[in-house]
């Protein structure tokens, strides 16, 4: 018997997983390169897309060229190398600085001309800061070189003489670099003629335009803010004064002429030397100086920033800056005694007019460098008595001027004749007239020693020391102001200098408190005619009415009431009888 076996057929091998292999291959092609960061999958897809879009005749021959072009284009984009070159911001700054190192051909003989005119010699800032570095005041040397070059360019462009680097006023977010100078005599006469002819307004407009253009340039570079946004707010900066009494007139103190008093010097400022242009500050007025003493405000670095304070300031930040510079200069410009002396012309005038000294102002005068100056020893200059240092700039009076101005004005010849005719006036009238006279305001005279300065409470106004206690033979004298922190002066042999670096604020023992605002003015006068009263009750009104009735009316009213009462009773009786009879019937 044959055995039968059920033999299963050999299993057919499974078909390969094509999708899986495709996925694995795709993952392999998408691996990023460690050098370029690209993957072959993206490169092949871009390459095939480019070949299909262009459809060249010999695609096989151009395959490698297409691949190379794609790689170069991809690398060009990632390296930020565009066809259009965009210069970095440092390039524009370097362009401005390069111009400073180029002397114009027109002024090739500029240095030779300066040697002949001592007034036009530019300041040597390298020498100045070599002294200041020894007293912990200094700038980076790169800034000093740029300042030197910008000041020389300023002297070529502006008609100024006796130029010096005044200092730096710290602000937030920008600072002010300040240059001091004097206008030439021809420029002063030209500006005074414009004042007389009324052509200053046009010049002011041109100056405002140049300032606005400069500020726009600075705004583009991110260094300043344009003043156009504040035009609407400037109209609200008018001075607010309390109401005047009837018949009273407000006295407007006139400003000092250009080239005299507080406006004797001119000041140029900029936020960043070499990048921003120098801008001339406007002349200062007495009202601006008076109100600047009552307010305290930090600087912003923008000249057209409005000042919203009480009392209202008559101007914007550039006017406030000019007033603070005038105050600091008048208080901290000091020199060794004997370095300056009064001019000969003034001495002769003083000798001739000895009898009229009371009428002349002690604060005015012209000084010049003493050619016979014998420098004092350094130890004497560091004496705590401060008798060997003096002020060489006019003191600013409380009136806001260096030369006192009489609000009453000069008497006319008609008033003088009337006074002669009225010599027989009574003593009371003469006493009243004396009381009405305004006392003359006086201040410290020019070249007065620092020992006469008043104390700040118990703090001395100045502090003296040597620049070095180790090498006293080469050290020089240093004087620091405690009234205006940041003001410093130094002296060594026949060399001296003044410098300021600070916030532009005066020191005060007490904390600053703004002036108290005046009480709100009453709209009308309060009196019994307009005052409200408590409404009376009915009983009170009736009692008041009865109490104020005339007596005759009360008597007549009483007699009439009695007669009426008697007649009424008779009528009632008669009526009663009639009624009873009628009822009985």
Could you please tell me which pairs satisfy a Cβ distance under 6 Å, a separation of 6+ or placement on different chains, a first residue in segment 441-457 that is under 15 Å from residue 384 (Cβ atoms), and a second residue that is assigned to a loop (DSSP other than H, G, I, E, B)?
-> 449/387; 450/386; 451/385; 451/386; 451/387; 453/461
Tell me, yes or no, whether segment 169-176 has at least one residue that is part of a strand (DSSP E or B), at pLDDT 85 or above and closer than 21 Å to residue 504 by Cα.
-> yes
Restrict the check to segment 114-125 and report whether at least one residue is under 30 Å from residue 478 (Cα atoms), modelled with pLDDT of 85 or more and assigned to a helix (DSSP H, G or I).
-> yes
Counting just the residues of segment 287-310 that are out of contact with any helix residue (DSSP H, G or I) (no Cβ under 7 Å at 6 or more places or on another chain) and not in a loop (DSSP other than H, G, I, E, B), which one comes out surrounded by the most Cβ atoms within 10 Å (Cβ to Cβ)?
-> 291
Given (1) surrounded by 10 or more Cβ atoms within 10 Å (Cβ to Cβ); (2) at pLDDT below 80, residue 47 misses just (2)
Going through segment 349-402 one residue at a time, which ones are at pLDDT 55 or above, assigned to a loop (DSSP other than H, G, I, E, B) and over 20 Å from residue 452 (Cβ atoms)?
-> 366, 370, 371, 372, 373, 374, 375, 377, 399, 400, 401
Does residue 181 fit the bill of being touching a residue at least 24 places away in the same chain (Cβ under 8 Å), on the phi > 0 side of the Ramachandran plot, touching a strand residue (DSSP E or B) at 6+ places or on another chain (Cβ under 8 Å) and assigned to a strand (DSSP E or B)?
-> no
Test: residue 52 is part of a helix (DSSP H, G or I), surrounded by 11 or more Cβ atoms within 10 Å (Cβ to Cβ) and at pLDDT 75 or above | no
If we keep just the residues of segment 13-43 that are closer than 16 Å to residue 70 by Cβ and surrounded by 11 or more Cβ atoms within 10 Å (Cβ to Cβ), which is modelled with the lowest pLDDT?
-> 36
Hey, residue 313 surrounded by 20 or more Cβ atoms within 10 Å (Cβ to Cβ) and not in a loop (DSSP other than H, G, I, E, B) or not = no
Does residue 164 satisfy the criteria of being touching a residue at least 12 places away in the same chain (Cβ under 8 Å) and within 24 Å of residue 318 (Cα to Cα)?
-> yes
Given the conditions (1) within 29 Å of residue 395 (Cβ to Cβ); (2) modelled with pLDDT under 85, which single one is not true for residue 253?
-> (2)
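The values are calculated or read from the model by the stated rules, or taken from the named source; none is laboratory data. As the structure is a computational prediction, the values presented were derived from the model and not from experiment. Cβ coordinates were reconstructed from backbone atoms using ideal geometry, including for glycine residues, and neighbour counts include every protein chain displayed.
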